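Worksheet for the structure shown next.
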């Protein structure tokens, strides 16, 4: 039986996820969801319906995780929860209708969130450094 060589990139990715603080993990989740939405869009363009379905499901799973972990005790958490719920419903619609425009809408929302989240993380680091 042939031994498969370990994949150093996969090991790096796993380690990055396991050691990420919650803020960095959230950013990784946003970026991952965008990646899967783009894959779904590309699969639709290539008429790979099963591939589009799988990619949509992966993005939906990320949104469900974000929905389940958001802190609804604070206003920003309630607002994020409503936005995640909206994005999830739109992803389901895009998956059922195979609608690339809806995928783009959700990807755009996630990219905006990721940009804001990244800025907040940078500000947090700067404040921690005493700047």
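Laid out as a table, the results:
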| quantity | calculated |
| --- | --- |
| Mean Cβ count within 10 Å, highest first, over the residues of peptides 38-46, 97-105 | 38-46, 97-105 |
| Extension reserve of the residue 79-residue 124 stretch, reckoned as 0.36 nm per residue once the Cα distance is removed | 14.1 nm |
| Region 22-131: Rg to Rh, with Rh as the Kirkwood radius over Cα pairs | 1.04 |
| Label-point separation, residue 25 to residue 48 (7 Å along Cα→Cβ), nm | 3.0 |
| Nearest-0.05 FRET efficiency for residue 68 and residue 92, computed from C-beta distance (R0 22 Å) | 0.85 |
| MRE, 222 nm, helices only [DSSP H, n ≥ 4, -39500 (n - 2.57), over the chain, to nearest 500] | -29000 deg cm²/dmol |
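Every read-out reported here was derived from the displayed coordinates using simple, explicitly stated rules and does not represent laboratory data. For clarity, every value in this text was computed on a predicted model and none was experimentally measured. Reconstructed Cβ throughout: ideal geometry from the backbone, glycine too, with neighbour counts over all protein chains shown.
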